[in-house]
Amino acid sequence: MINNQALLDSSKNHLWLPFTQMTDYERDPLIIESGEGIILKDINGKEYLDGYSSLWLNVHGHRKKELDEAIKKQLELIAHSTLLGAANVPAIQLAEKLIEITPEKIRRVFYSDSGATSVEIAVKMAYQYWQNLGKERKKKFVTLSNNYHGDTIGAISIGNVDLFHRVYGSLMFESIKAPFPLVYRNPLKDEQEIRDCALSELRTIFHDHHDEIAAITVEPLMQGAGGMNVMPKGYLKGVEELCREFNILLIVDEVATGFGRTGKMFAVEHEDVQPDIMTAAKGITGGYLPIAVTLTTEEIYEAFYGEYEEMKTFFHGHSYTGNQLGCAVALANFKIYDEEKILEQAAKKAEFIKSELETLKHLAHVGDIRQAGLMCGIELVQNKDTGEAYPWIERIGYKATLEMRERGMLTRPLGDVMVFMPPLASTEEQIRKMVEIMADSIKAVTEKEKSAV
Ligand SMILES: *Cc1c(COP(=O)(O)O)cnc(C)c1O
């Protein structure tokens, strides 16, 4: 038997949780013990709907039989051997599968173990690509305001979330910021106008600096941790066209949007975009094990190809790169995509979510609802008419998610934006229940705030 009190005390004494002020954890601790389908259970037996897919990872629910079995089967062969200078069976098979499902020009798979590492690798590849071609001035990166690409130094250098990145200013290399075409609160009311305005600013940057720009990084269709912001239609395609015109590499970060999250296998498919480098992670193993990939065109690969003495080798690798257990479960994951027609299902569920979220629209403090497939953000505001935000110190988003936890659903906010990102396997009934919990919780905390004023 686990002694709950001892476990709780031990967690407070020894753990340091990511992206967490530990006094928050001490006040409102949560220890998960098990999961089944889209339900998580804590050590006290309380159940929660997994409204954020265990931080945007989970696809088919927890303890999916086929995934559990794929790991057990692989364990009978080997858990891990290195990919440095040697291949392994599931890593090869998974690479083949990934090339089959990714955009046509993508031909090569480089493994790592988290979204941030896959981005770090993309940055180094793009940088070295131009060095290897003898274009030594092309060293800079362009990023969009509020982009998020992970938390390692390279990834934050091409990221732009002030709250997360401010303190590390002098540690980061400088990148060029271009405006993200934000729709909410934009004085321009027309989406096409907002798109064209952002593209024209990007064109100016490319025009003036293309001989020193290696690449631009974008989160396609939906900007995630920077606030769940949807790109206006045609923006992503516009970025691709500018990249081609000015000979700049297009790095597309599909870590959050990949594997059906936006209703298609990859978000770039919505606008028929062909990236030069693409990163993917979160959903790749169905949310089971840390596997990530940086995928490239053959053209990128060829710039590194040659005899050792030519010094073109990509000197980068991680201990657990290509881990067999992870690759085996990823393969089983994609088998389920085929067997259960996950993409078709996801597109249908996205429509259902859209209609359910309508019920939140009329709430007094819901300022905006943004959605791409099963990736949604609900922004809470003090004043719905003006879009005036709550004072950050009130932590209204955090309070709302604590209230949701109380009512049996888990998610994490991004500031005052509620994230709703349920596993693709969620049923309509579960989706409806989660939206109901969100509505009740938002009402409870925003109305409480009001009466306290
Ligand atoms: C989550 C995320 C990352 C970082 O992935 P980790 O596995 O947490 O390192 C990178 N890019 C995007 C778009 C993400 O959403």
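Measuring nothing but protein heavy atoms, the accessible surface of the range 383-453 at 1.4 Å probe radius is 51 percent carbon and sulfur. Simple point charges give the picture: +1 on the Cβ of Lys and Arg, -1 on the Cβ of Asp and Glu, and for the chain a dipole about the Cα centre of about 560 debye. Can you tally the net charge around H362? Count Lys and Arg as +1, Asp and Glu as -1, for every other residue whose Cβ sits under 12 Å from the Cβ of H362. Once positives and negatives cancel, what remains is +2. Using a 1.4 angstrom probe on heavy atoms only, work out the carbon and sulfur share of the accessible area of the range 68-339 in %. Summing carbon and sulfur atoms, their accessible area is 54 percent of the total for the range 68-339. For the residue pairs K65/K335; K138/K237; K399/K448; K105/K138; K282/K348, alpha carbon separations beyond 20 Å are given by K138/K237; K105/K138; K282/K348.
For the range 255-389, the residue among V329, A364, A280 whose Cα projects farthest onto the positive side of the dipole built from Cβ charges is A364.
Test of understanding: express the Cα radius of gyration of the chain as a ratio to 2.2 N^0.38 Å, with N the residue count.
Values: Rg = 22.2 Å, N = 453, 2.2 N^0.38 = 22.5 Å.
Its radius of gyration relative to the 2.2 N^0.38 Å reference: 0.99.
Solvent-accessible area per residue in the chain equals 47 Å², computed with a 1.4 angstrom probe and all protein chains kept. When the charge dipole of the range 68-339 is built from unit charges on Cβ atoms (+1 for Lys and Arg, -1 for Asp and Glu) and taken about the Cα centre, the candidate among V239, F315, Y168 whose Cα reaches farthest toward its positive end is Y168. Around G377, under 11 Å between beta carbons, what's the net of Lys plus Arg minus Asp minus Glu among the other residues? So the surrounding residues net to -2. Annotation note: GluC sites (Glu not before Pro) in the range 285-320 located in DSSP loop regions with a Cβ neighbour count of at most 14 within 10 Å are E307. When the P(r) is computed for the range 211-324, the part past 20 Å accounts for 49% of the Cα-Cα pairs.
The values are calculated or read from the model by the stated rules, or taken from the named source; none is laboratory data. What you see is a predicted model, and the numbers here were worked out from it, not measured in a lab. Positions of Cβ are backbone-derived with ideal geometry, glycine not excepted, and every protein chain shown enters the neighbour counts. Quick note on the areas: whole protein, heavy atoms, side chains included, nothing else; ligands and nucleic acids left out. Shrake-Rupley method; radii C 1.70, N 1.55, O 1.52, S 1.80 Å.
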